[in-house]
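Report on one structure; see the data block that follows.
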Amino acid sequence: MDASRRQQYLDAMGITHYVVREAAVDEHPQTVVEPRETAAPIPVAKSPKPAAGVSAQQSAWEVLKARVASCTACELRASRTQTVFGIGNEAAQLMIVGEAPGAEEDRQGEPFVGRAGQLLNAMLHAIGLARDTVYIANILKCRPPGNRNPTAEEAAKCQPFLIQQLSLIKPKVMLAVGGVAAHNLLETDEAVGRLRNRIHYYGEDRTPLLVTYHPAYLLRRPEEKAKVWQDLQKLYGMLHGD
């Protein structure tokens with residue numbers, strides 16, 4: 001990426017200089033969070049034999065997408081326009097997890113569209129990543145009415161889908177954006193401001209997980225962008241082995 005284009009993304013982030021520093025030394029103990037035992041696993045049915053030229057991995061993705069699209073596990077099935085499965089590189093090193101689809105996401109069937117999505121794209125580009133090189137998903141696959149926060153029951157019903165996505169992608173790092181994502185993944189109610197700047201671990205594979213503020217929050221509180229820039233530098237270091 002040329003310097004002028006990178007500066008455009010940094011300007012969108014409210015950052016004037018692009019300097020990747022070494023990852024900060026963690027001042028807090030690392031935490032490991034396993035998936036909730038209360039989340040019922042998705043029934044594993046015998047899948048048809050993949051067609052010629054279709055890998056087992058591709059077949060597993062198609063089966064999972066079909067299960068999400070036809071899910072009736074909670075009441076959100078009645079109010080959704082469509083499910084929002086996730087999008088991006090299915091072999092990505094970075095998996096980004098948000099909270100739940102909003103109205104526009106519900107219409108388009110894609111997470112992080114609109115102004116928040118544009119800012120997320122700028123955040124990624126600021127550390128040299130394009131949107132289509134990462135994988136983006138949400139805690140919920142359906143939009144809660146009125147864009148309210150997910151209930152604990154809704155999140156538990158959807159969690160097996162997210163776990164299966166994680167197991168198929170096997171990312172090097174996860175990034176939880178916003179309190180809803182962080183609280184559900186880490187099973188805590190600790191504020192995002194206290195969870196960020198620390199390395200957490202998620203799931204049986206102990207995938208490293210970072211927490212940062214949601215782009216929608218940054219649109220309301222642009223003064224917090226400097227903290228997110230610190231988080232992005234830490235993420236850059238983890239992705240590049242620093």
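Only the coordinates and a few stated rules stand behind these numbers; no lab work does. What you are looking at is a predicted structure, and each value in this text was computed from that prediction instead of being measured. Note that each Cβ is placed from the backbone with ideal geometry, even for glycine, and that neighbours are counted across all protein chains shown.
Here are the numbers:
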{"read-out": "Failed item in (1) surrounded by fewer than 22 Cβ atoms within 10 Å (Cβ to Cβ); (2) in a helix (DSSP H, G or I); (3) among the basic types (K, R), with K234 passing the rest", "value": "(1)"}
{"read-out": "Qualifying positions in segment 126-161 - under 16 Å from the mean Cα position of the chain (by Cα) and more than 24 Å from K65 (Cα to Cα)", "value": "L129"}
